[in-house]
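Participant: Below is one structure. I have some questions about it.
The values are calculated or read from the model by the stated rules, or taken from the named source; none is laboratory data. This one's a predicted model, so the numbers in the text were calculated from it and none came from an experiment. Counting neighbours? That spans all protein chains shown, and the Cβs are built from the backbone with ideal geometry, glycine included.
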Amino acid sequence: MSNPHRKQAPVQQAISGHDEASLFVGIDVSAATLAVALQQEGIAQRSFANSAVGHKALIQWLLQHEGKLRVSLEATGIYSLEVALALDREERIEVAVLNPKTVHRFAETMRRSKTDKADAIALAEYSRRMPFVAWRRPTTSALELRSLARHIGTLIQEQTRLKNRMHAAGGSATTSRCVLQDLRRSMKSLTLRIARLRKQAVALVEQNAELKPKFQQLIGIPGIAETSAVQLLAELAGLAPEMTVRQWVAHSGLDPAHRESGSSVHLPSRISRHGNRFLRRALYMPALVAVRFDPHLKAFYQALQTRHKSKLQALMAVARKLLHAIFGIFKTNTPYNGEKLFPNLALA
């Protein structure tokens, strides 16, 4: 039987041997399905729906096998979260939620094809071979904040599309007056909904002793106002505290991906994008504002452009630096200081 009050696993545990787990499982997660590979003496493969019913069936199938199960799956946002939460409730199941880039590099050493089944087998092999780091279940408040912030983000995207429609409709002589009125009503309603949800998100943060000080630290960084602070905190609050700044950057997908082969291929580096797109999106606007109003980040941005980096490349580098700054203030509990972030950078 599952225990809803399961004792939390240690924040981090690296296991040198495989004596604590005898069954190794990989799950390739997509929006609709879970491709599962279970490795014991051989490989058993099944497929389940990525739904509450499918999660229950998956757990029942796994628990039919004797021994402790070690499960690895990729972090794929909302698609992996629910199955990770369901698996984590079971005493006999230990869960690792991995950065897709880490899995991709590991899988390249052993597979020839890229299919859901092959990915599941690679994840099962990862469970067996690699040191295990237990996934840390986010707090209820962190999960609620993330749900709120992502919904707000979706509404903001709808608001942008609606603004574009209103602009196009207003510029056309053939647009009916009633259509324009309806578009304005929709915009007003959407704006009120966003404002109400933002207020609820800030209230949730203010009532939480762990989230509130981090929120205050975020709005103390140039370029980060209340709206961006909510979006950033929503994506960062659930990360394990033992993660390094390099792991934060990899999680965001802002780590550089180099493209070189032999002596003939030397393509410009780009960000990997193998990470949390919501976090990247939340960093974009603060980076855009910071290069205008923070002298240190502005000087860094301009220095990159003098080295022939494109505006977008320079902006992504600023976003990465902002993430470094946030990591630093969270870890040291000190206010933002651009001089510490750029100790050797000469200001204009």
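Participant: Does the range 310-348 hold any residues that are more than 28 Å from A240 (Cα to Cα) and under 26 Å from the mean Cα position of the chain (by Cα), and which are they?
Facilitator: Listed by number, the residues that qualify are S310, K311, L312, Q313, A314.
Participant: Something else now. What pairs come up if the first residue lies in the range 82-96 and is on the phi < 0 side of the Ramachandran plot, the second is crowded, with 18+ Cβ neighbours inside 10 Å and of a type in the set (D, E), and their beta carbons are under 6 Å apart, counting only those six or more places apart or on different chains?
Facilitator: The qualifying pairs are V95/D88.
Participant: List every residue pair whose Cβ atoms lie under 6 Å apart, where the two residues are 6 or more positions apart in sequence or sit on different chains, the first residue falls within the range 51-69 and is exposed (fewer than 15 other Cβ atoms within 10 Å of the Cβ), and the second residue, located anywhere, is hydroxyl-bearing (S, T, Y).
Facilitator: From the range 51-69, the pairs are G67/S22.
Participant: Right, here's the next one. Which of the residues spanning the range 283-319 are under 28 Å from A149 (Cα atoms) and not in a helix (DSSP H, G or I)?
Facilitator: D294
Participant: A further question on this structure: Could you tell me how many of the residues in the range 93-116 are basic (K, R) and buried (at least 16 other Cβ atoms within 10 Å of the Cβ)?
Facilitator: 1
Participant: Would you mind stating whether G238 is on the phi > 0 side of the Ramachandran plot and assigned to a loop (DSSP other than H, G, I, E, B)?
Facilitator: When the stated conditions are applied, G238 does not pass them.
Participant: Does the range 72-94 include one or more residues that are part of a strand (DSSP E or B), out of contact with any helix residue (DSSP H, G or I) (no Cβ under 7 Å at 6 or more places or on another chain) and assigned by TED's automatic domain parsing to the domain that holds R46?
Facilitator: Taking every residue of the range 72-94 in turn, at least one turns out to be part of a strand (DSSP E or B), out of contact with any helix residue (DSSP H, G or I) (no Cβ under 7 Å at 6 or more places or on another chain) and assigned by TED's automatic domain parsing to the domain that holds R46.
Participant: Determine if the range 39-46 includes at least one residue that is more than 21 Å from R136 (Cβ to Cβ) and among the hydrophobic types (A, V, I, L, M, F, W, C).
Facilitator: Yes: the range 39-46 contains one or more residues that are more than 21 Å from R136 (Cβ to Cβ) and among the hydrophobic types (A, V, I, L, M, F, W, C).
Participant: Another question, then. So, in the range 70-87, how many residues would count as being among the charged types (D, E, K, R) and surrounded by fewer than 20 Cβ atoms within 10 Å (Cβ to Cβ)?
Facilitator: 1
Participant: Based on what the data block shows, is G220 small (G, A, S) and modelled with pLDDT under 90?
Facilitator: no
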